[in-house]
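In what follows, a single structure is set out as structure tokens and then discussed.
The values are calculated or read from the model by the stated rules, or taken from the named source; none is laboratory data. Remember, it's a predicted structure, so these values are computed and weren't measured experimentally. Protein only, heavy atoms only, side chains kept; ligands, DNA and RNA dropped before computing areas. Shrake-Rupley method; radii C 1.70, N 1.55, O 1.52, S 1.80 Å.
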Amino acid sequence: MSQLRWGFKTEANDIAREIRRELGLRDIEPLDPWKLAAALEIQVVPLSAFLRDAPRAAHLFRYVDRETFSAVTVFNGSERMVVYNDAHSRGRQASDIAHELAHALLQHPPVPAFDHRGCRNWDSELEDEANWLAGVLLISEDAALTIARHGLSLEEAAVQYGVSRQMVQFRLNMTGARIRVRRGRR
């Protein structure tokens with residue numbers, strides 16, 4: 001992950017707190033990205049929905065080369081739709097959907113998927129921002145501290161928050177939750 005712009009982490013925490021308030025959630029409660037998408041009026045569609053209309057692509061990304069495709073935001077004017085790979089674990093799906101919703105919450109502009117040479121358009125700064133906000137949405141700083149205080153395993157926390165073990169580890173690392181809890185007990 002590259003260096004995020006100054007003040008972005010605070011901005012992301014503020015956005016996540018506001019979203020949680022709007023959804024009626026406390027900072028330590030799990031956030032369901034499917035419910036967030038509904039609240040934002042963003043349609044979320046599993047890749048399997050395209051098995052009939054785009055069978056070769058859906059089959060490729062669901063069965064042959066699953067890691068190639070996680071999720072994408074598709075635009076129709078100002079409307080967004082998120083297509084996600086439902087062949088991934090539910091926790092991975094949550095992260096992928098939260099990432100795409102983070103782009104929307106941050107009002108990242110739509111860009112063509114490929115440039116004039118056929119190469120994928122990739123703005124690492126925008127992608128890093130979406131990754132960071134997705135993590136904060138799924139496991140807030142307070143939630144990470146609660147996980148550390150209660151000594152939950154990665155697996156227990158992943159089940160409780162509906163995310164992958166990797167996301168739990170990422171948020172524990174990025175918040176320094178375990179270190180902060182250990183220092184607080186001294």
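Please report, as a whole percent, how much of the solvent-accessible surface of the chain comes from carbon and sulfur atoms (probe radius 1.4 Å).
50
Using the Karplus curve 6.51 cos²θ - 1.76 cosθ + 1.60 with θ = phi - 60°, what ³J(HN,Hα) values do you get for each residue of segment 137-144, in whole Hz, with x for Gly and Pro?
5, 6, 9, 5, 4, 4, 5, 4
Give the shape of the chain as rounded, prolate or oblate, defined through the alpha-carbon gyration tensor: a ≥ b ≥ c are the square roots of its eigenvalues, a/c under 1.5 means rounded, and otherwise the shape is prolate if a/b is larger than b/c and oblate if not. Numbers along the way, then the final one.
Numbers: a/c = 1.86, a/b = 1.60, b/c = 1.17.
Note, shape of the chain comes out prolate.
What number comes out for accessible area per residue over the chain if the probe is 1.4 Å? Units Å², please.
59
Do the sum for the chain: with -39,500 (n - 2.57) for every DSSP H run of n ≥ 4, divided by all residues, what is the mean residue ellipticity at 222 nm, to the nearest 500 deg cm²/dmol?
Roughly -15500 deg cm²/dmol at 222 nm, from the helical runs in the chain.
Over what distance in Å are the Cα centres of segment 37-52 and segment 102-132 separated?
If we compute the Cα centre of each part, the gap is 19 Å.
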